[in-house]
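**Student:** I'd like to ask some things about the structure below.
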Amino acid sequence: MKNRKKLSAILLVETLCLLVMCVFFVQLQRTQTVSSTQTKDSGKKTKKDFIKWVDFNVPYEALCIAYDLDVESHDTEVPLNWIELLAYAAAKSGGTFAKDSTKLIMETATDLKNKSTSMKKLTKNLKNYDYYLESYTAILGGYVGEYEIETKPGNGKYKKQYGLKAYSPIAKGFPYSDYDDFGTSRSYGYSRPHLGHDMMGQIGTPIIAVESGYIEALGWNQYGGWRIGIRSFDKKRYYYYAHLRQNSPYQKGLKEGSIVTAGDVIGYMGHTGYSSTENTNNIKEVHLHFGIQLIFDESQKDGNSEIWISPYQLTRFLHKHQSEAAKINDSKVWKRTQKIKDPAVTAYKQRSKKD
């Protein structure tokens, strides 16, 4: 009898042990499955497919024609998108923009306005159209849109407007000279291509924020001297302004994180740089080095995967829209004379408050 009870107790303990082990292994399997699923899901999320390189070859004439068609059709039954027109012309020419590209843009615009076709039909099976559309949107996405502008400089009364809300990096009325120097060699520090555009002028020429954004970098760099880096609100564009004036390079009050509106005076032309010692004029010719970097993923911000495009044709295009500045008394400070209200600034401030 005692043996029978002892055996029953042993069997009960073994059964309980087996039950506990079964529960443990089931839970372990479930945990491993969840972990594996999360890893796979994480892999899907972290596997990034983004544009690695862009050559911006859109000529000045094509920019002007596409822009005019966009603005002229804005309030019509068939509004045209200048970036789509440019992307279509690029895809048709393999990005070379042959001599007849401007003609193609105008003919395409006519067909779209007549409703004989649509951009969806035209690009349905068009190779590389999506690539050019994404690339050109990254470059030009903040340039055209609705905004408000003072009816007269300084009167504080605004009117709504649609059109170019990006500005030339050089203030109105200040002379400068330039040529297409993107990619030319530079030797200071190490041999490298020139990843920007030089605009030669006078010391103290007011430098303008091309687009609304926030200051991401401000200070000394031995290559660029006193420089400012401004990031667009969509984070696709990084504007680099270098070799600013000795002693007083920036507009007062600016710091990293400051929000600037397109057309604001942000600094002054000089020839600082090419020295590890701050505030040194080692650049022979007074000029603004103006650069545009594209960022499709944050891994491209710094390092070997950076994408810099030639700004030459864009600066030619933006010359039609220069911000006028006035000197403040006898100081070395200049401020814009006609303010604008950019919806992109308002939207960014609202997002920042929520965050």
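**Student:** Is it the case that some residue within the range 214-222 is outside any strand (DSSP E or B) and either touching a Lys or Arg at 6+ places or on another chain (Cβ under 8 Å) or surrounded by fewer than 19 Cβ atoms within 10 Å (Cβ to Cβ) (or both)?
**Tutor:** Yes, the range 214-222 has at least one match.
**Student:** Got at least one residue in the range 182-189 being in contact (Cβ under 8 Å) with a residue 60 or more places away in the chain, at negative phi and surrounded by 15 or more Cβ atoms within 10 Å (Cβ to Cβ)?
**Tutor:** yes
**Student:** Can we say residue 306 is surrounded by fewer than 16 Cβ atoms within 10 Å (Cβ to Cβ) and within 19 Å of residue 203 (Cβ to Cβ)?
**Tutor:** no
**Student:** State which residue pairs qualify: first residue crowded, with 21+ Cβ neighbours inside 10 Å and inside the range 229-254, second residue in a loop (DSSP other than H, G, I, E, B) and at pLDDT below 95 in any location, beta carbons under 9 Å apart, and separation of 6 or more residues or different chains.
**Tutor:** Listed by first residue and then by second, the contacts come to 245/332.
**Student:** Please go through the range 309-340 and pick out each residue that is under 20 Å from residue 155 (Cβ atoms) and without any contact (Cβ under 8 Å) to a residue 60 or more places away in the chain.
**Tutor:** Within the range 309-340, 326, 327, 328 qualify.
**Student:** Same structure again: Output the number of residues of the range 120-157 satisfying the condition of being more than 15 Å from residue 344 (Cβ to Cβ) and open to solvent by 70 Å² or more (accessible area, probe 1.4 Å).
**Tutor:** Residues in the range 120-157 being more than 15 Å from residue 344 (Cβ to Cβ) and open to solvent by 70 Å² or more (accessible area, probe 1.4 Å): 12 in total.
**Student:** Looking only at residues in the range 87-102 that are open to solvent by 60 Å² or more (accessible area, probe 1.4 Å) and outside any helix (DSSP H, G or I), which one is nearest to residue 183 (Cα to Cα)?
**Tutor:** 96
**Student:** Take the residues in the range 318-346 that are open to solvent by 30 Å² or more (accessible area, probe 1.4 Å) and among the acidic types (Asp, Glu); name whichever of them is modelled with the lowest pLDDT.
**Tutor:** Applying the filter and picking the extreme gives 330.
**Student:** Would you mind stating whether residue 351 is at pLDDT 95 or above and either assigned to a helix (DSSP H, G or I) or buried (at least 17 other Cβ atoms within 10 Å of the Cβ) (or both)?
**Tutor:** Judged against the criteria, residue 351 is not a match.
**Student:** Among the residues of the range 107-116, are any under 24 Å from residue 262 (Cα atoms) and either of a type in the set (A, V, I, L, M) or out of contact with any Pro (no Cβ under 7 Å at 6 or more places or on another chain) (or both)?
**Tutor:** No, that holds for no residue.
**Student:** Among the residues that make up the range 66-86, is at least one of them closer than 17 Å to residue 143 by Cβ, part of a helix (DSSP H, G or I) and without any contact (Cβ under 8 Å) to a residue 12 or more places away in the chain?
**Tutor:** Yes, because at least one residue in the range 66-86 is closer than 17 Å to residue 143 by Cβ, part of a helix (DSSP H, G or I) and without any contact (Cβ under 8 Å) to a residue 12 or more places away in the chain.
**Student:** Name the pairs: first residue in the range 162-180 and modelled with pLDDT of 95 or more, second residue basic (Lys, Arg), Cβ to Cβ under 9 Å, at least 6 apart or on different chains?
**Tutor:** Qualifying pairs under 9 Å: 164/320; 168/320; 171/336; 178/316.
**Student:** The conditions are (1) closer than 30 Å to residue 332 by Cβ; (2) among the charged types (D, E, K, R); (3) in contact with a Ser or Thr (Cβ under 8 Å, 6 or more places away or on another chain), and residue 198 fails exactly one of them. Which is it?
**Tutor:** Among (1) closer than 30 Å to residue 332 by Cβ; (2) among the charged types (D, E, K, R); (3) in contact with a Ser or Thr (Cβ under 8 Å, 6 or more places away or on another chain), the lone unmet condition for residue 198 is (3).
**Student:** Let me ask you something else. Given the conditions (1) in a helix (DSSP H, G or I); (2) of a type in the set (S, T, N, Q); (3) modelled with pLDDT under 95, and given that residue 315 satisfies all but one, which numbered condition is not satisfied?
**Tutor:** Against the list (1) in a helix (DSSP H, G or I); (2) of a type in the set (S, T, N, Q); (3) modelled with pLDDT under 95, residue 315 comes up short only on (3).
**Student:** Looking at 298, 285 in this structure, which one is under 30 Å from residue 177 (Cβ atoms), open to solvent by 50 Å² or more (accessible area, probe 1.4 Å) and modelled with pLDDT of 95 or more?
**Tutor:** Going through 298, 285 in turn, just one is under 30 Å from residue 177 (Cβ atoms), open to solvent by 50 Å² or more (accessible area, probe 1.4 Å) and modelled with pLDDT of 95 or more: 285.
The values are calculated or read from the model by the stated rules, or taken from the named source; none is laboratory data. Computed from a predicted model, the values in this text were never measured in an experiment. FYI the Cβ positions are ideal-geometry reconstructions off the backbone, even for glycines, and counts take in every protein chain you see. Accessible surface is based on the protein model in full, side chains and every heavy atom, while ligands, DNA and RNA are left aside. Shrake-Rupley method; radii C 1.70, N 1.55, O 1.52, S 1.80 Å.
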